[in-house]
Amino acid sequence: MPQRRTTIDAIRGLCLINIFVNHIQDGAVSAVSPSRLGFSDSADIFVLLSGISIALAGSQASRRRLPDIVAHLWRRAARIYAFELVIVFATLGLLAAILALRGVTGVHAQDTALLRDHGFPNLLSHALTLRQTVGYSSVLRLYVALMLIAPILLRLAGWRFWAPLPPALLLWIAA
């Protein structure tokens with residue numbers, strides 16, 4: 001089994017700390033965050049490093065057949081998708097319980113509109129098609145999409161190292 005790149009994991013850990021600090025917004029630590037200095041908020045660096053990790057794992061696993069790599073990536077996408085659904089339904093359930101116990105007072109109107117104006121079938125449809133976001137769970141939807149297209153990008157990178165860049169640039173422009 002190939003050795004894990006701990007440097008990438010360490011930088012990803014620093015990115016996660018920076019993302020956490022930026023969500024606090026008040027305090028001495030957030031004042032000196034790289035995001036406050038005009039640099040990245042670290043989420044994009046975290047996602048980039050995740051892609052690099054997948055590329056390294058794919059290149060080190062070149063002895064494995066492509067269908068095995070695709071199956072592994074898609075199984076991981078399914079696990080992340082399931083976790084996303086758990087987060088969405090748990091958050092909506094918690095919000096519904098709070099509304100039932102406290103009433104609408106003290107809760108922002110935009111939060112209650114989702115539960116009040118839309119029925120459960122509509123919420124279920126939005127959650128299953130990854131159109132429903134609660135909190136900061138949208139990064140999980142991004143990971144699901146990237147895991148599903150990773151085999152194509154890895155195949156392109158195996159052909160020419162620069163080949164995944166044009167599709168990635170087009171996707172970035174579309175987003």
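Points to keep in mind about this one:
- Restricting region 62-79 to residues that are aliphatic (A, V, I, L, M) and surrounded by 16 or more Cβ atoms within 10 Å (Cβ to Cβ), the residue that is modelled with the lowest pLDDT is 69.
- Output for region 126-144, where each listed residue is modelled with pLDDT of 80 or more and either farther than 23 Å from residue 51 by Cα or open to solvent by 50 Å² or more (accessible area, probe 1.4 Å) (or both): 128, 129, 141
- Residues that are surrounded by 13 or more Cβ atoms within 10 Å (Cβ to Cβ) and assigned to a helix (DSSP H, G or I) were ranked within region 115-124; the one that is modelled with the lowest pLDDT is 115.
- Region 159-175, subset in a helix (DSSP H, G or I) and open to solvent by less than 100 Å² (accessible area, probe 1.4 Å), residue modelled with the highest pLDDT: 166
The values are calculated or read from the model by the stated rules, or taken from the named source; none is laboratory data. None of these values were measured; they are calculated from a predicted model. Neighbour counts run over all protein chains shown; Cβ positions are idealised from the backbone, glycine included. Surface areas here come from the heavy atoms of the whole protein model, side chains and all, with no ligands, DNA or RNA. Shrake-Rupley method; radii C 1.70, N 1.55, O 1.52, S 1.80 Å.
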